[in-house]
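S.K.: Once you've had a glance at the structure underneath, I'll fire off some questions.
The values are calculated or read from the model by the stated rules, or taken from the named source; none is laboratory data. What you are looking at is a predicted structure, and each value in this text was computed from that prediction instead of being measured. All Cβ positions, even for glycine, are placed from backbone atoms using ideal geometry, and neighbour counts span all protein chains on display. Side chains are part of the model used for accessible areas, which takes the heavy atoms of the whole protein and leaves out ligands, DNA and RNA. Shrake-Rupley method; radii C 1.70, N 1.55, O 1.52, S 1.80 Å.
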Amino acid sequence: MNNLVFFIALIFFLWVGRSLFIPLLFATFLWYLLNAIAAYYRKIMPCYKTSTGSCKVPTKLYNITSGVLSFATVGGVIYLFATQIEPMLVELYNSTPILQQKLFIFPDYLSDKIGIKIDMNLMPNLPQIAGYIGSSLAGIATSVGMVLIYLIFMFIEQSSFNKKIDAMPLSKIKAKKLRYILNSIDENMKKYLFTKTFISAATGLCAYILLRIIGLEYASVWAFIIFILNYIPTIGSILSCALPIAFALISSETWHLPLFTAISLIAIEIVFGNIIDPKLTGKTLNISTLAILINLVFCGMIWGLAGMFFSVPILAAVYITTAHFE
């Protein structure tokens with residue numbers, strides 16, 4: 001009984017504090033991502049060694065350069081979204097009433113051509129769905145200031161974190177064990193986020209190229225949606241294929257465009273999701289699809305669209321953290 005009360009109180013606390021936790025999650029995500037990209041830049045940057053084997057370039061210069069490159073990379077993606085993708089998203093949102101009309105005609109088309117009858121009540125309300133997504137994104141956008149504040153303080157605290165651990169009243173053995181656990185969690189989270197970001201970006205880029213060749217409208221928007229949804233294993237891959245295919249079915253008068261869209265996107269997801277992803281990560285997190293689905297619904301109920309986006313990173317963080325304790 002006590003556990004049930006605690007669980008309900010925890011859910012209520014997370015729901016009430018969503019205006020605090022959602023910006024904090026975004027800031028933590030960006031902090032880990034920026035550090036992961038900076039770590040990758042440090043690995044590929046040239047190091048001219050002296051006769052003693054040490055690097056000629058000072059470590060601080062390496063850190064500053066990699067940090068600037070990391071911020072430039074993320075800033076470039078944000079600039080690309082603001083100038084190229086965001087106007088297309090607005091245009092797609094404005095065209096949802098027309099798409100809704102075509103969606104109502106689509107069951108009749110299937111009935112005449114194939115003989116499949118679909119209940120009109122099962123058809124989704126596209127303007128309502130688009131409005132919900134738009135309001136969720138607008139709510140997230142209003143938290144940009146809080147995200148930046150959290151992010152700045154995280155980078156300030158980052159430089160003195162090791163000193164604070166050393167100042168803790170712990171024995172040398174316990175302090176060493178604590179440092180090892182924290183470093184292991186930190187490295188695994190950086191590896192996970194960097195790998196997922198790299199694979200998602202590559203998947204979105206390949207999808208953009210193929211969709212442009214095929215001639216599907218709003219190729220940039222679909223590529224960006226694929227990039228975002230690929231942070232969610234299995235379910236995200238299904239949705240990232242289903243949305244452009246559904247749009248092609250509604251907007252096209254022939255079967256060629258939907259067929260080529262389906263073949264291209266499914267092939268991309270198979271290559272990146274089932275072949276490249278396991279090879280780059282070395283091993284998967286071994287989280288079941290059912291656990292991902294339950295966590296997705298749970299986080300979505302508490303924090304909406306932002307909760308859905310962070311559901312798997314949160315699950316991965318819990319998995320990585322608890323793996324170090326009995």
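S.K.: When you go through (1) free of Cβ contacts under 8 Å to residues at least 12 places away in the same chain; (2) part of a helix (DSSP H, G or I) one by one for Val221, which number turns out not to apply?
M.R.: Among (1) free of Cβ contacts under 8 Å to residues at least 12 places away in the same chain; (2) part of a helix (DSSP H, G or I), Val221 violates only (1).
S.K.: Check whether at least one residue in segment 224-237 is on the phi < 0 side of the Ramachandran plot, in a helix (DSSP H, G or I) and touching a Phe, Trp or Tyr at 6+ places or on another chain (Cβ under 8 Å), and report yes or no.
M.R.: yes
S.K.: Moving on to the next point. From Ile276, Ile226, Ile232, Ile266, grab the single residue that is surrounded by fewer than 20 Cβ atoms within 10 Å (Cβ to Cβ), among the aliphatic types (A, V, I, L, M) and closer than 26 Å to Gly300 by Cβ.
M.R.: Ile266 is the lone residue from the list that is surrounded by fewer than 20 Cβ atoms within 10 Å (Cβ to Cβ), among the aliphatic types (A, V, I, L, M) and closer than 26 Å to Gly300 by Cβ.
S.K.: Inspect segment 162-173 for any residue being under 26 Å from Lys43 (Cα atoms) and open to solvent by 50 Å² or more (accessible area, probe 1.4 Å) and give the result as yes or no.
M.R.: yes
S.K.: Next question, about the same structure. Collect the residues in segment 179-197 that are closer than 19 Å to Lys163 by Cβ and free of Cβ contacts under 8 Å to residues at least 60 places away in the same chain, keeping them in residue-number order.
M.R.: Arg179, Tyr180, Leu182, Asn183, Asp186, listed by residue number.
S.K.: Now for a separate question. Go through segment 293-311 and give me each residue that's touching a helix residue (DSSP H, G or I) at 6+ places or on another chain (Cβ under 6 Å) and modelled with pLDDT of 75 or more.
M.R.: The answer is Asn295, Leu296, Cys299, Gly300, Ile302, Trp303, Gly304, Ala306, Gly307, Met308, Phe310, Ser311.
S.K.: Does Ile245 fit the bill of being at pLDDT 80 or above and either surrounded by fewer than 14 Cβ atoms within 10 Å (Cβ to Cβ) or within 26 Å of Ser95 (Cβ to Cβ) (or both)?
M.R.: yes
To keep it simple, each residue is scored yes or no on (1) touching a helix residue (DSSP H, G or I) at 6+ places or on another chain (Cβ under 7 Å); (2) of a type in the set (Lys, Arg).
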site: Met146; (1), (2): yes, no
site: Ser160; (1), (2): no, no
site: Lys177; (1), (2): no, yes
site: Leu182; (1), (2): no, no
site: Asp186; (1), (2): no, no
site: Met189; (1), (2): yes, no
site: Phe194; (1), (2): yes, no
site: Thr197; (1), (2): yes, no
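S.K.: Starting from segment 59-78, take each residue that is without any contact (Cβ under 8 Å) to a residue 60 or more places away in the chain and list its partners that are aromatic (Phe, Trp, Tyr) and open to solvent by 70 Å² or more (accessible area, probe 1.4 Å), counting only C-beta distances under 9 angstrom and pairs at least six apart or across chains.
M.R.: If the second residue must be aromatic (Phe, Trp, Tyr) and open to solvent by 70 Å² or more (accessible area, probe 1.4 Å), the pairs left are Ser66/Tyr40; Ser70/Tyr40.
S.K.: Quick one: how many residues across segment 1-21 are under 21 Å from the mean Cα position of the chain (by Cα) and open to solvent by less than 30 Å² (accessible area, probe 1.4 Å)?
M.R.: 0
S.K.: How about segment 196-216: which of its residues are assigned to a helix (DSSP H, G or I), open to solvent by less than 20 Å² (accessible area, probe 1.4 Å), under 13 Å from Cys241 (Cβ atoms) and not hydroxyl-bearing (Ser, Thr, Tyr)?
M.R.: Gly204, Ala207, Leu211, listed by residue number.
S.K.: Check off (1) of a type in the set (Phe, Trp, Tyr); (2) surrounded by fewer than 18 Cβ atoms within 10 Å (Cβ to Cβ); (3) under 23 Å from Thr83 (Cβ atoms) for Trp255 and give me the number that stays unchecked.
M.R.: All conditions pass for Trp255, except number (3).
S.K.: Check Leu205, Leu210, Leu170, Leu178 and return the single one that is over 22 Å from Gly307 (Cβ atoms) and touching a Ser or Thr at 6+ places or on another chain (Cβ under 6 Å).
M.R.: Matching residue, one of Leu205, Leu210, Leu170, Leu178: Leu210.
S.K.: Considering segment 287-324 alone, what residues qualify as being closer than 17 Å to Tyr192 by Cα, without any contact (Cβ under 8 Å) to a residue 24 or more places away in the chain and outside any loop (DSSP other than H, G, I, E, B)?
M.R.: Residues satisfying the conditions are Val318, Thr322.
S.K.: Further, regarding this structure: Considering only residues that are within 18 Å of Leu33 (Cα to Cα) and among the β-branched types (Val, Ile, Thr), which ones fall in segment 204-246?
M.R.: Those that are within 18 Å of Leu33 (Cα to Cα) and among the β-branched types (Val, Ile, Thr): Ile228, Ile232.
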